[in-house]
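Any read-out appearing in this document is the output of simple, stated calculations on the displayed coordinates, not a laboratory observation. Note that the coordinates shown come from a computational prediction; the quantities given were computed from them, not determined experimentally. Quick reminder, even Gly has a Cβ in these numbers, built from the backbone with ideal geometry, and neighbours come from all protein chains shown.
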Amino acid sequence: MAIPGMTDDGIGSEQLVNAGDDDANWITHGRTYSEQRFSPLNAVNRENVSDLGLTWFADMDTARGQEATPLVIDGKLYLTTAWSKVKAFDAATGEPLWEFDPEVPGETGVKACCDVVNRGLATWGDRLFLGTLDGRLIALDRDTGSVEWETVTVDQEQSYTVTGAPRIIDGKVIIGNGGAEFGVRGYIAAYDADDGRELWRFYTVPGGDEDESSPEYLQAAAETWSGDVLGGENDIGGGGTVWDSMAYDPELDLLYFGVGNGSPWNRAYRSPGEDGTGEGDNLYLSSIVAVRPDTGEYVWHYQTTPGETWDYTATQHIILADMEIEGEQRQVLMQAPKNGFFYVLDRATGEFISGEAYTTMNWATGIDENGRPIENPETRIDKTGAPALVMPGPLGGHNWHPMAYHPGENLVYIPAFEAGMLYVPEEDWKPDRARGFNIGFDLGAGDLPPDLGIRREVVKTLKGSLVAWDPVAQEAKWSVEHPGPWNGGLLATGGGLVFQGTAGSEFNAYDASNGEKLWSFDAQTGVVAPPITYTVNGEQYVAVLAGWGGAYALSVDGGLINDLAPVQNISRLLVFKIGGEAELPEMPELAALPLDPPPSRANASVIAAGGESYARYCAVCHAPAAVGSTVLPDLRRSGTLSNAQSWMAVVHDGLLKDNGMAGFEGSLTREQIDAIREYVIFRANQDKVMEPAPEADQVARR
Ligand code: CA
């Protein structure tokens, strides 16, 4: 309900700094600047959570990944959905109040590595702030949803996207961007909440033209890169995008953010040494960076993965907390980035305090006393021609799904997983920054054979768990196994509960102290977003956005996830309270659609060439080896396979660009595009033979 101390000017620094004391509302992404995602609310607790019931729900008008954290302000709930749309509801009744569609051009979808998702809003004054997939920052009137201003934060000619939630510090709206798989140079920037003017911009990697007039931190970074592939004609971007996590300490006045992977991934191409292998730490890739929010001035950094080459972003959720370590009270920053180590740093100085593996890894055996990983040389695959199966793979040991920290238990809850990848360096790789994945590895090399049994066995090796991590002892206190990876973000509460959705279409409550499952709701769809909790008129609600999607959901065979029935995308906000009695409509059946491709008649070299292009340009959205997810169209079942002209109209000309399928004219020739068709026909015939007739794969795909 009403925000404490709020004046006619609306939400300001006082409200944001003190958000932890205001348990009725949820006014910033991680609930507080410390991003703990812990609410003291305890009306829903261990004793009564079994009576938690759905009280209202709202269907979304998109059927893509739903990753947003809603905000709740004075009895109203605001959220973002796929394609950067915004919706407002009465938080108690679910009555829709307004909605806003920024009309992101559909073809922007081709620039998104990981689905057309959006993770949420920020608020300041009487406005809401939204970053859109096509790189705009938009200020909306919180009461009506009307646009107050909008500004473009990226070069829209390049493959930048914005999926993260802005944060606001003292009237400055902070937002980064994504796109490091495609060839961009990462940065984070601040904009005036009044009018959208850019106030500062902090580049995370050198631009190739550093001199004495450049900021010192960039001059220092330039020393850690080799070759001359930054800037100029053959610019490969460098990467280091800041696409998700931020946290703020108002006392130290430090803004923290996580920096992403290199562009391309393969360091041999990004920062080539004299012998053709990669060289240098490549600052500030895969780093946690602290800056002054007022000016963007560099203060400190800690690099989790020097010379990263495995897509090991450090953009994962950052949590700030104070705790006693070895008899000393420490101000710490915690992160479980993709590389599989759980880090505890001193957030005043960036000093490394401790780090241990929270998931299975083989790329490093530990961290030395200087905070540098001790690498396994066999997994240093940026030397071209030496493939390796590396754990974790590019999905990480933990991805964007937010963790939560329970101060009473002193535990961090990690939505962790195990999913390695075979990294096969691509020979003679050349960048194409216009379209397609630019990583310098052959994404098709790890494709699974057309054998259902083998595929099932491989998918079963991908594991997911909820890990309760003791950050002082640096060990798991307990963990809960899930049937597969890509489970939801977390919420911890004063009621002794941890809430999490799962890839297996459950929304669960666990005992925060021992992981006992106390309550479960059938969500009908995979839940990846983190829940929130709030009160209206003193009554506690728990809300979560459901809807299967995101990077893993697009890449995995939709019929094999967790060895369960196919997980549908049903995008819907679910809101619960004690005694709630609402019921979801019956789950729609997935209509059967036959796998009925035309015969494969192309010769092997055409199919092989098509497969190479497919891996680079198509696999990221339509799944490796065209196995078909449940989120995007399964190309093996496409009617255009038998019609070369229709295929060309879609893939070359962009006939369906407004639906999210851009044309590839300029990046692929007509001949290459037809070879991709022949490859998909070949693959569809392989899978038709291997599929037993009425198996789970015989389902419609969107
Ligand atoms: Ca990445």
Self-check item: Cα pair distances of the chain binned at 20 Å [whole percent]
Solution: 19, 56, 25, 1
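What translational diffusion coefficient, to the nearest whole µm²/s, does segment 120-275 have by Stokes-Einstein, given a Kirkwood radius computed over alpha-carbon pairs, a temperature of 4 °C and 1.567 mPa s viscosity?
Details: Rh = 16.5 Å.
Here the translational diffusion coefficient equals 79 µm²/s.
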Quiz item: Measuring from label point to label point, each 7 Å out along Cα→Cβ, what is the SER213 to ASP511 span in nm?
Solution: 6.6
Quiz prompt | Nonlocal amide H pairs with TRP300, under 5 Å, H built at 1.01 Å | solution = ALA290
Quiz item: In segment 487-589, if every C-alpha pair distance is counted and binned at 10 Å from zero, what percent goes to each bin?
Solution: 14, 46, 31, 8, 1
Quiz prompt | Nearest-0.05 FRET efficiency for ALA43 and LEU389, computed from C-beta distance (R0 30 Å) | solution = 0.05
Quiz item: Points 7 angstrom from Cα along the Cβ direction at ASP51 and GLU157: gap in nanometres?
Solution: 6.4
Quiz prompt | Amide H partners (placed H, <5 Å) of TRP98, local residues excluded | solution = ALA88
Exercise. Distance from a point 7 Å along Cα→Cβ of GLU375 to each backbone N in segment 258-277: keep the residues under 17 Å and list them by number.
Key: 261-277
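Given Cα positions, please report Rg to Rh for segment 341-457, the hydrodynamic radius being the Kirkwood one. Walk me through the intermediate numbers first.
Details: Rg = 17.9 Å, Rh = 17.1 Å.
Computed over Cα atoms, the ratio is 1.04.
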Quiz prompt | HN-Hα J in Hz across segment 84-95 - Karplus 6.51, -1.76, 1.60, θ = phi - 60°, x for Gly and Pro | solution = 6, 7, 10, 9, 10, 9, 5, 6, 8, 10, x, 4
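Based on the Cβ-Cβ distance of ALA604 and ASP61, what FRET efficiency does E = 1/(1 + (r/R0)^6) give at R0 = 45 Å, to the nearest 0.05? Don't jump to the answer; show the numbers that get you there.
Numbers: r = 45 Å, r/R0 = 0.99.
Working from the Cβ atoms, E equals 0.50.
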Self-check item: Loop-resident sites, segment 153-212, for GluC sites (Glu not before Pro), counting at most 11 other Cβ within 10 Å (DSSP)
Solution: GLU157, GLU212
Practice problem: Could you give the spread of the C-alpha atoms of segment 446-520 along their three principal axes, from largest to smallest, in whole angstroms? | Solution: 49, 29, 17
Quiz item: Assuming R0 = 56 Å, what is the FRET efficiency of GLU581 and ASP275, from their Cβ-Cβ distance, to the nearest 0.05?
Solution: 0.25
Exercise. Starting from one equal scatterer on each C-alpha and no solvent at all, send me the Debye-based log10 I(q)/I(0) for segment 631-684 at q = 0.12, 0.23, 0.24, 0.32 Å⁻¹, two decimals.
Key: -0.24, -0.89, -0.97, -1.36
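On full extension of the chain, what length is gained from ASP195 through ILE325, given 0.36 nm per residue of separation minus the C-alpha to C-alpha distance? If you can, show how the numbers build up before the last one.
Numbers: separation 130, 0.36 × 130 = 46.80 nm, distance 4.42 nm.
Between ASP195 and ILE325, full extension yields 42.4 nm more.
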Quiz item: Tell me, in nm to one decimal, what length is gained between ASN234 and LEU97 on full extension, where the rule is 0.36 nm per residue of separation less the Cα-Cα distance?
Solution: 44.4 nm
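Counting only helical runs of four or more DSSP H residues, what would the 222 nm mean residue ellipticity of the chain come to if each run contributes -39,500 (n - 2.57) and the total is spread over all its residues? Mind dumping the intermediate values first?
Values: 9 runs with 77 residues, N = 702.
When only DSSP H runs of four or more count, the value is -3000 deg cm²/dmol.
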Quiz item: Taking the Cα centre of each part, how many Å lie between segment 419-450 and segment 602-648?
Solution: 16
Quiz item: So which GluC sites (Glu not before Pro) in segment 457-564 pass both tests, a DSSP loop state and at most 15 other Cβ atoms within 10 Å of the Cβ?
Solution: GLU516
Quiz item: How are the C-alpha pair distances of segment 414-462 spread across 5 Å bins, as whole percents from the shortest bin up?
Solution: 4, 16, 18, 18, 16, 14, 11, 2
Quiz item: Okay, which of segment 219-239 sit inside 20 Å, backbone N to the point 7 Å along the Cα-Cβ direction of LYS430?
Solution: 228-238
